[in-house]
Every structure is written in structure tokens, then in C-alpha cells.
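The structure appears below as C-alpha cells.
The values are calculated or read from the model by the stated rules, or taken from the named source; none is laboratory data. These numbers were taken from a predicted model, which means no experiment stands behind them. Glycine gets a Cβ as well: all are built from the backbone with ideal geometry, and neighbour counts include every protein chain shown.
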Amino acid sequence: MTLTESAEPATPAPEPRLGRSFWLALSPLCYLAIGAAMIVYTQVTGLDSLERNSLGLGFIVRRTWEHVELVFFSTLLVLAIALPLGVALTRRGLRRATPAVLAVVNLGQATPAVGLVVLLALVFRIGFWIAVAALVAYSLLPALRNTMVGLQQVDPHLVDAGRGIGMSAAGVLFKVELPMAVPVILSGVRTTLVLNVGTASIAAFIGAGGLGDLITAGVSTQRNLVLVTGCVLIAVLALLLDWLGGVAQRYLSPKGLS
Amino acid sequence: MSLWEYIADRRDLLLFEAVQHASMVAQCVLIAALAGVLAGVATYRRPRLSGLATSTAGVVFTVPSLALLGLLIPVLGLGVAPSVVAITIYALLPIIRNTVVGLSGVDPALVDAARGIGMSRRRSLLRVELPLAWPVILIGIRVATQLAMGIGAVAAYVSGPGLGEQIFSGLARLGGANAVNSALTGTIGIAVLALLFDACYVLIGRLTIPGGVRA
């Protein structure tokens, strides 16, 4: 869902813009404050026994950590697959396959994430690594597309110029094309992160843990406090990771480009 | 039981769920399109306001759909209400953003010319600016529809209508007969619906984008 985009590469994902450094630090502090307030509230308020099961501090911390792990491993895997594959698919020999690959990407985007997660769990088994696989399968395609689009939009004249001053094909790739494509690739990474936080919360349905567990527990035991705590913490996590992605975009993009 | 037998057996139910899914998405996107374009039109001349609108939209957009659905349960209960509200909220975001981007991308010289030949502000908006921005707005609506399809699937968790129910009943029957068939039918059904809607947008684009604007 997400963050999902249409067939037109002209549609970048909606990104909250990052302002000056003061504002840059303000929003994550707000998010953290909201998350902390939520956790403190659950700890000081009177809980019944069912709520205590799902809202103990240790339990919340463990679920949050599981969520972060799900997102971390899946994002890492997506990068490890999408970057080399994107580079390979834009090289001369395979460039003709690009429209076909982009068509597959769009087809994949039409598939709902829940369906993919549930299907993988039904066909294989339930658990952490199956959830990671589902997350990878779902967010791989947008990341791949961003890598390819990023590399494609590099001005061919610059590549030509690079070759003209005697750089090798690999030299042009690493010194010209990849640096020029970094902003688009990083925005893909940011999208992947946020997408994975969302899909990871769905992973609770297939017993992979994570903060989605609080949502399912809250719904099945009809404890709204558990439910709301889970939702708020997932939202805070998504916003924090999006912010981190934005910071990375800001500081890792080559200086001369903006 | 093969997938085909499963589908043939439950033809009526599946068709009903597919129609429900499609009509839920279509209605939510329609509401979101009207509200979103209005919000975009209202704010695009004031950079601070439209900045606020798009950055708020961005923050809400970052919140995963399951979390938003969950937050709506205590307020709206289970069923159609939270599903429709959540889908409409998510669908609003790309539409507002694309309306603002599209309208502010219109060449100021053209707006000036429209005013110069005596068009009122409203006339210039309706006859010049909106038609020129329409392709971008339409892309926003298309993105919104794709999003709505996926969120509609998750919405079955809060007992929302549509094909997502197949996915969750498959999960509930984990290990049992037809579990995979059920989840597969739901997943493929939603993907097919999404692609059908996408094809409709291509058609709508052909019919509504003024000939001179089309690239």
C-alpha cells in the first residue's frame, strides 16, 4: 500500500519535507515523546490481568525489538538484492528487458501485502523468517524500480563524457552513474523502510511477533488500551524510521547535486 | 480440491465479495477525490497552507494502515465504518498532493493570459488551470485507488467488506483443507480488481484529458 505508486515514474512517493536543522530535530523528539507517554501511561494506569499480559514493560520492549528486527533484516535483504539487480538490469546487455521488469513490478504492486504474507505462511510455515521473506517479496519490487529509474535518469551525456575521458565502464558506474542516482535510490530505501514497518505489523497474523501482536491481542481480548498502545507504537516507529531515512537522504546525497 | 473447483463452488459468494470490494474502493476514492481536489484548490495559492496540507498528509501517510485501522476501532467499532474512514483518509493524501503539484505546475503566463482576456479567477481556474493540471490529478487518483485496494484487504481484519475476508478465513483455517485456495482466491481477486481499475483510469485519461494537453 503504499506507499504504493502507480505505473507513472513521474509520481514520487509523498515525502514529508525536512526543514532546517532545528525542525529536523523537533519532529523525532515529538514522536519519541508520544511513544514514551504512551508507554508510561500503560505502566502507571490500573490494568486488569489480560491487559497486564500484553502491556508489561518487558513484553512491549521485546515486541518493539522484534518489529525492528523484522524491518532491519528485510530492508537489508531488499537492498542486497535490489541494488545489484537494478544495476545489472540497466547495463547494456539487459537494458532491453527493462520495460518487462517494470511491468512485473506494477503487477506485483497490485497484489495486497496481507495476501502475500498469509499465503507464504500457509504454504510454508509460520514464523520469523517466513515473515521476513514476505516482507522482502513485497518491498523488493518498488526498491528495484527506484534503483532502475535512478540509474536511467542519469544524463547519457555525462556517461558519454565519462567514457570520453577514458574511464572504464565500471569506473563510470561507480564514479558517475551511482552517485548521480543516489537521491532516487535513497528515497527508494526510505519508502522500503516505511513499507516494511507496515507489513511487519501484519506479520503478527502469522505468528512472527512484532508490535502487531498488541493489535491482535487487543482485538481478540477486546482491550482497547492494548490495541491503541500497539497502534501508537507502530505509528511512532514508522515515523521515526521515515525521519531517519530523510536524514540519510539529506546527508548521504552527493553535495553537488541539489 | 483444486483452485478452480474452489472458485466454481463459491462463485456467487466470491462475485458478491468482489463487487463489495470494488464498490467500497470506488466510493471511498470518489469521496476522497472530491474532497482532495477541493482541498488542493483551496490551498494551492497559499504556499504555507499547501505546505501544511502536504506535510500533514505525508505524516499520516507514513502511519501503517493496520495501525490507523486499529486506532479507529475504539471510536467507530468494527465493520464498514472504520474500513471506509481509513480507506478514504489514505486515498486523500496522494490526491491532495497531486492537485497542489499539478495546479502550481501550471505556467503562470497562461493564467496571466486568461486573466488578461477577461476571465474571472474562477473561470480561469475551471477553464485553464484545472484542465492543465488534470493529468497530474488523475495520476494521484490512480495511486489512491491502488492504495485503497490494498487497505481494503487489511480492512477485512476489522470485519470490513470485500475480498480480504477470503484471505483472513484462509488464515483462520491454517493447515485445513482449502486454506490456501481461499487465501489465493482473495489475493488474486484483489490484484485482478486493481488491474481492472487501472485499465479504467487509462480509459478515463483518454476520454477526459484535453487533446492539447496530452503529451
**OP:** Within segment A:38-51, work out how many residues are without any contact (Cβ under 8 Å) to a residue 12 or more places away in the chain and either surrounded by 12 or more Cβ atoms within 10 Å (Cβ to Cβ) or among the aromatic types (Phe, Trp, Tyr) (or both).
**Re:** 1
Subject >> Condition met for B:PRO94 (out of contact with any strand residue (DSSP E or B) (no Cβ under 8 Å at 6 or more places or on another chain) and either in contact (Cβ under 8 Å) with a residue 40 or more places away in the chain or not in a helix (DSSP H, G or I) (or both)) >> reply: yes
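Looking only at helices (runs of 4 or more DSSP H) that fall completely inside segment B:8-88, which ones have 2 or more residues that are more than 13 Å from every other protein chain (Cβ to nearest Cβ)?
B:11-43
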Subject >> Listing of helices (runs of 4 or more DSSP H) fully contained in segment B:102-215 that carry 1 or more residues being within 11 Å of chain A (Cβ to nearest Cβ) >> reply: B:130-155, B:164-172, B:179-208
Original post:
Only one residue in A:THR98, A:THR111 is part of a helix (DSSP H, G or I) and at pLDDT below 85. Which one?
Top reply: A:THR98
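Using the structure shown, decide if B:ILE95 is touching a Gly at 6+ places or on another chain (Cβ under 6 Å) and within 18 Å of B:GLY205 (Cα to Cα).
It is true that B:ILE95 is touching a Gly at 6+ places or on another chain (Cβ under 6 Å) and within 18 Å of B:GLY205 (Cα to Cα).
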**OP:** Would you check which residues across segment B:130-160 are of a type outside the set (A, V, I, L, M, F, W, C), surrounded by 22 or more Cβ atoms within 10 Å (Cβ to Cβ) and more than 20 Å from B:SER23 (Cβ to Cβ) and list them?
**Re:** B:GLY140
